[in-house]
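Everything below concerns the one structure shown next.
All of the numbers you see were taken from the coordinates with simple rules; none came from a lab. Because the structure is a prediction, the values reported are computed rather than measured. Note: ideal-geometry Cβ built from the backbone for every residue, glycine included; neighbour counts use all protein chains shown.
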Amino acid sequence: MSEVLRPAGRYESVVIHQGIAYVSGQLPRTGNQLEFVGRIGRELTLEEGCIAARLCAARALTVLEQALGGRMRIIRLLRVTGHVSGLEGFTQQSIVLDAASAYFEQELGPQGAHARTACGVYNLPQGAPVCIEVQAAVRD
């Protein structure tokens, strides 16, 4: 993603404070296009949910890199919080978010390892199936 990614509303994509970068929730978008819409287990399969989570992770890393001027300032990821929209009774949020975690580790190596929370929700903005937030330790 070479274009500058901008937030969809009245907030910052990344806020950096005292060595911590807080990346706002990222949806599975390419540019401004939402690539996946619907709940996992209804409109989307588990595999599609995993692809959506990976796309969220890629977008989160891209906006972080843009805010920092590259990866060299990333010390390590600290925490990833993922919200996964599924049908009532859907309990595989951790499997969906494993795809995002694997992406971060693939891209950042040991610095991509992180603590994580996986939440199940009924709806997300614009009908997205996954939303991922990231916190990272960064160099000044």
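Axis angle, to the nearest 10 degrees, between helix 46-68 and the longest C-alpha principal axis of the chain: 20 degrees. Against the main long axis of the alpha-carbon atoms of the chain, helix 93-108 sits at an angle near 30°.
Could you rank the peptides 110-117, 34-41 by their average count of other C-beta atoms within 10 Å per residue, with the highest value first?
Details: 110-117: 14.5, 34-41: 19.1.
Packing proxy ranking, top to bottom: 34-41, 110-117.
Compactness ratio for the chain: Cα radius of gyration over 2.2 N^0.38 Å (N = residue count) comes to 0.99. Between Leu87 and Gln18, the FRET efficiency from the beta-carbon distance, with R0 = 41 Å, is close to 0.50. Distance from the alpha carbon centroid of the stretch 74-91 to that of the stretch 1-61 works out to 11 angstrom.
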